[in-house]
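Structure, as structure tokens:
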Amino acid sequence: MALLSIENLSFAYPGAPERALDDINLEIEKGEYVVLCGPSGCGKTTLLCQVKPGLVPAGAREGSVYYGNTLLSELPELTAASEIGFVQQNPDNQIVTDFVWHELAFGLENMGLPVPVIRRRVAEMAAFFGMESWFRNKTAELSGGQKQLMNLASALAMNPKLLIFDEPTSMLDPLAARSLLQAVQRINRELGVAVLLTEHRLDEVFPVADRVVTMDKGRILTSGAPARIAKELADSPDKSRIYFGLPASVRIFSELGQTDDLPLTVRDGRKRLEEMVQKCEGGPGTRNGDASSFAMGAVSEEESEKSPGDTQKGRTVLEGKELWFRYTESSKDVLRGASIRLYEGEFFCLLGGNGAGKTTLLRILAGLSKPYRGRTRLSRDKILCMLPQNAKALFVADTVFKELLDSSEGDAQAAMDMMSLMELEKLAERHPYDLSGGETQRLALGKLLLKNADVLILDEPTKGLDAYAKAQLAKILKDLCGKGVSVLVVTHDVEFAANYADHCALVFDGQLMSEGSARDFFAGNRFYTTDANRIAGEFFPMDIRCEEVIDSCRKLQQ
Amino acid sequence: MRMRFFGNLHPAVSMTYFLLVLVLTLICMNPVTVVLSFLGASWFSIRLKGAGAYVGSMRFVAPMFILISLANPLFNHRGVTPLFEINHLWYTLEATVYGLVSACSLCAVIIWFTCYQEVMTSDKFLYLFGKPFPGTSLLITMTLRFIPQLQQNRKEIRESQSMLKEEGTRLFQKMGTALRNLSVLLTMSMENAVETADSMKARGYGARRRTTFHLFRFDGRDARTLGAVLSVGGVCILARCFGHGTMEFYPRMTPVLLGPATYTMFVFYAALMFMPGILETVEELRWRSLVSKI
């Protein structure tokens with residue numbers, strides 16, 4: 001008997017002409033790990049809310065959802081609350097209380113459990129997730145990753161059989177996202193809790209999921225084992241939005257026509273590539289050392305011809321010189337003599353771990369914080385704008401069009417032009433808060449550009465965007481660079497930087513450590529690099545993007 | 001973190017102590033007890049927050065002490081022992097002493113309150129008084145969670161909006177910007193609150209009468225401390241009921257000391273007032289000796 005079964009479920013929001021969900025059939029077994037993927041706005045979140053009593057929105061609904069043998073709507077309220085857990089997107093807004101220990105206990109308090117029982121469960125949770133050191137902290141003082149882990153733990157404390165996650169990592173940086181997904185995997189493998197998760201970081205979840213379900217326009221397209229779905233997506237003639245979010249190894253080998261038994265991880269991808277290189281070098285097992293050194297030499301020679309383009313740089317538009325910064329007199333230095341130079345029309349990505357000082361550096365360059373030593377200089381004819389991490393903080397109006405009109409100071413034509421530049425025409429009458437992550441970023445960007453900004457500073461713009469939305473944003477940014485706008489991006493997103501940036505630098509220990517063109521930067525790194533480079537680095541060290549690895553492989557095959 | 005004895009006690013014990021101390025300070029009006037109370041409070045305050053913070057609070061307390069002790073004889077001319085005359089009004093010894101005593105007692109109460117604030121954090125208060133009102137106590141908890149979030153959003157909005165519009169220098173422009181930012185903050189907060197409500201519902205809020213969870217345990221140390229507080233405090237209260245430890249100021253000051261019983265009471269009174277200071281110091285000394293043995 002399935003843990004949860006959805007039978008012929010259709011749903012439409014009141015007043016909406018189209019169905020948000022159309023004839024959904026889905027079964028989730030006990031202890032199963034199911035990933036639901038699809039482009040934003042395809043009805044993933046709507047489906048998740050239909051499965052969680054208490055969150056079911058108003059609207060016309062057909063079909064039925066069973067939990068075990070009972071209809072979900074007839075499930076006692078307390079059973080529903082405790083046995084089906086729900087973790088939302090935004091780590092902040094789910095938090096109800098002021099202390100971590102209290103937040104963990106919140107659901108248990110609602111169940112009316114006596115204090116000794118709660119004490120025991122909370123202790124178990126904190127120990128399981130290693131939260132002891134911040135157990136007595138205030139919730140407001142936690143990092144995003146800690147907050148989301150706490151939300152997960154507080155749902156788990158109620159002892160659920162099914163945990164539902166609605167894009168739990170979309171507000172987190174990649175490192176925090178990875179550790180959260182590892183925690184999800186642990187509760188699934190070690191505690192046998194069934195997981196239903198929507199996620200666009202497919203390279204993380206594909207290797208661990210039991211089943212992948214793809215959705216589009218309110219319908220379920222396919223459902224099956226990750227390897228099979230990867231093959232189906234790769235084989236389908238029109239590459240859907242989901243395809244670009246697939247793990248690098250899947251994309252590389254599906255493009256090479258090897259869609260049987262696709263490798264899902266970097267490790268398997270490397271192995272497969274090694275086999276392929278050996279085969280091409282004549283017979284398996286022979287001369288494998290030579291094969292790699294041959295390939296390496298061949299490619300790097302070729303690359304060295306390409307690099308000179310880098311030296312032709314425009315004039316400097318923004319400069320930070322030996323910046324030193326600390327938050328309070330007694331705290332440690334966040335920046336220790338960081339220097340940075342941004343040229344006209346350049347797309348510059350700053351990478352680095354948490355707490356390395358990336359955001360601080362941005363804030364100083366944007367003039368929001370003052371360094372205690374060193375200075376910043378902005379070209380006199382340039383206007384600098386910073387896109388904040390929370391782009392919603394820029395929004396003041398109730399439709400997209402009015403939002404742009406507000407920035408263009410009533411110039412309707414300028415607003416219209418910006419709307420088409422940012423590809424937002426279809427959403428003109430939408431409320432800014434109802435936009436998806438990518439649309440929100442583009443609207444915010446449009447607002448800043450209407451202020452004639454020609455030096456753009458962006459703080460983590462790819463947070464929560466799927467691969468397609470990232471590409472769309474990058475295309476717009478690239479076009480702007482072509483028009484002489486300089487773009488400085490702080491990101492954790494290695495793939496984004498590798499694919500689109502002109503110039504990259506690693507911020508570490510309050511300084512810019514390794515700096516160079518995107519290719520030199522990533523090809524020179526051993527660990528801090530793209531998956532494609534991790535897979536192919538041994539054979540094609542200068543290839544940092546999937547497409548390049550594919551090209552190199554094709555050349556080798558010929 | 002500093003070693004803390006009093007801060008880690010069960011809230012009921014700390015609360016009992018503070019109540020006793022406050023009541024005794026207020027009902028025992030004589031030069032000896034108010035000074036004892038003042039010294040005890042000061043010692044505790046220094047142990048809790050450090051000498052720097054104590055000196056800082058003195059910047060407010062000392063002027064108040066001077067003001068009250070001077071104001072009383074200035075406006076109150078009862079008493080029979082004239083000291084000197086200003087503007088045909090007599091300054092009396094009784095009024096001056098009463099002013100000093102009441103100023104000292106008030107300052108002691110204020111310092112006790114700063115200690116109270118340091119020790120009785122919101123979670124302790126909610127634990128003590130939240131049980132009969134689970135709804136209200138949750139509301140307070142949520143508010144305490146909401147305030148830092150609101151402050152953070154406000155800062156974020158202000159910085160973001162400054163990218164779009166110059167803040168302006170005139171009062172009129174500044175007010176316009178502030179209003180605009182406020183409306184963004186309200187929209188954002190309401191949007192966030194909807195999600196918080198969903199999260200509460202998802203975790204079964206309102207399905208049943210809630211219990212209120214806490215991390216406090218009443219252990220042997222709490223019992224011993226409570227016993228000591230109650231017995232020492234009880235002696236003082238009892239003695240006060242028999243008329244010890246208080247005096248008449250007007251028209252003529254009556255003697256404070258009424259024999260050995262009063263001395264005994266003062267000893268107990270001092271023990272009560274200095275209890276936190278002593279306990280904290282002993283704790284720290286014990287810790288140091290432990291460290292030195294490692």
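The values are calculated or read from the model by the stated rules, or taken from the named source; none is laboratory data. Predicted, not measured: the structure shown is a model, and the values here were computed from it. Neighbour counts run over all protein chains shown; Cβ positions are idealised from the backbone, glycine included.
Matching residues to (1) part of a strand (DSSP E or B); (2) touching a Ser or Thr at 6+ places or on another chain (Cβ under 6 Å); (3) closer than 17 Å to A:P174 by Cα:
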| position | (1), (2), (3) |
| --- | --- |
| A:E495 | no, yes, yes |
| A:N499 | no, no, yes |
| A:C504 | yes, no, no |
| A:V507 | yes, no, yes |
| A:M513 | yes, no, no |
| A:G516 | yes, no, no |
| A:R519 | no, no, no |
| A:T529 | no, no, yes |
| A:N533 | no, no, no |
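Of the residues B:R224, B:R217, the single one that is part of a helix (DSSP H, G or I), surrounded by fewer than 16 Cβ atoms within 10 Å (Cβ to Cβ) and out of contact with any Leu (no Cβ under 9 Å at 6 or more places or on another chain) is B:R224. Condition check for A:C37 on (1) more than 24 Å from A:S154 (Cα to Cα); (2) without any contact (Cβ under 8 Å) to a residue 60 or more places away in the chain: one failure, at (2). The single condition among (1) more than 20 Å from A:A469 (Cα to Cα); (2) out of contact with any Asp or Glu (no Cβ under 9 Å at 6 or more places or on another chain); (3) away from every other protein chain (no Cβ under 14 Å) that A:M215 does not satisfy is (1). Of the residues examined, A:L480 is not one that is away from chain B (no Cβ under 12 Å), surrounded by 23 or more Cβ atoms within 10 Å (Cβ to Cβ) and over 25 Å from A:Y528 (Cα atoms). If I go through the stretch A:142-195 residue by residue, how many of them are among the charged types (D, E, K, R) and closer than 22 Å to A:E460 by Cβ? Residues flagged as among the charged types (D, E, K, R) and closer than 22 Å to A:E460 by Cβ within the stretch A:142-195 amount to 5.
Annotation note: Cβ proximity below 8 Å between a residue of the stretch A:115-140 that is facing chain B (nearest Cβ under 8 Å) and a residue that is of a type in the set (K, R) and assigned to a helix (DSSP H, G or I) (sequence gap 6+ or interchain) occurs for A:T139/A:K147; A:T139/B:R145; A:A140/B:R145.
Give the stretch A:52-79 a look and list any residue that's at the interface with chain B (Cβ under 8 Å from one of its Cβ atoms) and of a type outside the set (D, E, K, R), or say none. Answer for the stretch A:52-79, where residues must be at the interface with chain B (Cβ under 8 Å from one of its Cβ atoms) and of a type outside the set (D, E, K, R): A:G54, A:L55, A:L78. Any idea which residue in the stretch B:57-72 is farthest from B:R47 (Cα to Cα), counting only those that are surrounded by 15 or more Cβ atoms within 10 Å (Cβ to Cβ) and free of Cβ contacts under 8 Å to residues at least 40 places away in the same chain? So the residue we want is B:N72.
For the stretch A:475-523, a tally of residues being within 20 Å of the chain's Cα centre (by Cα) and of a type in the set (F, W, Y) returns 3.
Checking each residue in the stretch B:168-181 for being of a type in the set (D, E, K, R), more than 7 Å from chain A (Cβ to nearest Cβ) and assigned to a helix (DSSP H, G or I) picks out only B:K174.
Flag not set for A:G437, criterion: more than 14 Å from every other protein chain (Cβ to nearest Cβ), at positive phi, at pLDDT below 90 and under 19 Å from the mean Cα position of the chain (by Cα). Test B:R252 against the criterion of being within 12 Å of another protein chain (Cβ to nearest Cβ), in contact with a Gly (Cβ under 8 Å, 6 or more places away or on another chain), touching a residue at least 60 places away in the same chain (Cβ under 8 Å) and surrounded by fewer than 18 Cβ atoms within 10 Å (Cβ to Cβ), and give yes or no. For B:R252, the condition - within 12 Å of another protein chain (Cβ to nearest Cβ), in contact with a Gly (Cβ under 8 Å, 6 or more places away or on another chain), touching a residue at least 60 places away in the same chain (Cβ under 8 Å) and surrounded by fewer than 18 Cβ atoms within 10 Å (Cβ to Cβ) - is not met. Here is a check on your reading of the model: is A:A105 in a helix (DSSP H, G or I), surrounded by fewer than 23 Cβ atoms within 10 Å (Cβ to Cβ), touching a residue at least 12 places away in the same chain (Cβ under 8 Å) and at the interface with another protein chain (Cβ under 10 Å from one of its Cβ atoms)? Criteria not met by A:A105.
A:M419 passes every criterion in (1) of a type in the set (A, V, I, L, M, F, W, C); (2) over 30 Å from A:D509 (Cβ atoms); (3) within 14 Å of chain B (Cβ to nearest Cβ); (4) touching a helix residue (DSSP H, G or I) at 6+ places or on another chain (Cβ under 6 Å) apart from (3). Mind checking which residues of the stretch B:197-240 are of a type in the set (G, A, S) and within 7 Å of chain A (Cβ to nearest Cβ)? If the condition is that a residue be of a type in the set (G, A, S) and within 7 Å of chain A (Cβ to nearest Cβ), then B:S199, B:A202, B:G204, B:A207 are the ones that fit. Checking A:G218, A:G269 one by one, the residue that is in contact (Cβ under 8 Å) with a residue 60 or more places away in the chain and not assigned by TED's automatic domain parsing to the domain that holds A:I24 is A:G269 and no other. Would you check if there is a residue in the stretch A:167-189 being modelled with pLDDT of 90 or more, small (G, A, S) and within 22 Å of A:I84 (Cα to Cα)? For the stretch A:167-189, residues modelled with pLDDT of 90 or more, small (G, A, S) and within 22 Å of A:I84 (Cα to Cα): present. Output yes when any residue across the stretch A:487-500 is in contact with a Lys or Arg (Cβ under 7 Å, 6 or more places away or on another chain) and within 14 Å of chain B (Cβ to nearest Cβ), and no when none is. There is no residue in the stretch A:487-500 that is in contact with a Lys or Arg (Cβ under 7 Å, 6 or more places away or on another chain) and within 14 Å of chain B (Cβ to nearest Cβ).
The single residue among B:V194, B:V184 that is more than 7 Å from chain A (Cβ to nearest Cβ) and assigned to a helix (DSSP H, G or I) turns out to be B:V194. Quick one: B:P63 ticks every box in (1) assigned by TED's automatic domain parsing to the domain that holds B:F274; (2) touching a helix residue (DSSP H, G or I) at 6+ places or on another chain (Cβ under 7 Å) bar one, so which box is it? Status for B:P63: all satisfied but (2). Highlighted here are the strands (runs of 3 or more DSSP E) found entirely within the stretch A:19-87 that include at least 1 residues which are among the small types (G, A, S): A:60-67, A:84-87.
In a helix (DSSP H, G or I) and either within 17 Å of the chain's Cα centre (by Cα) or assigned by TED's automatic domain parsing to the domain that holds B:G277 (or both): is that true of B:F44 in this structure? Against the criterion (in a helix (DSSP H, G or I) and either within 17 Å of the chain's Cα centre (by Cα) or assigned by TED's automatic domain parsing to the domain that holds B:G277 (or both)), B:F44 qualifies.
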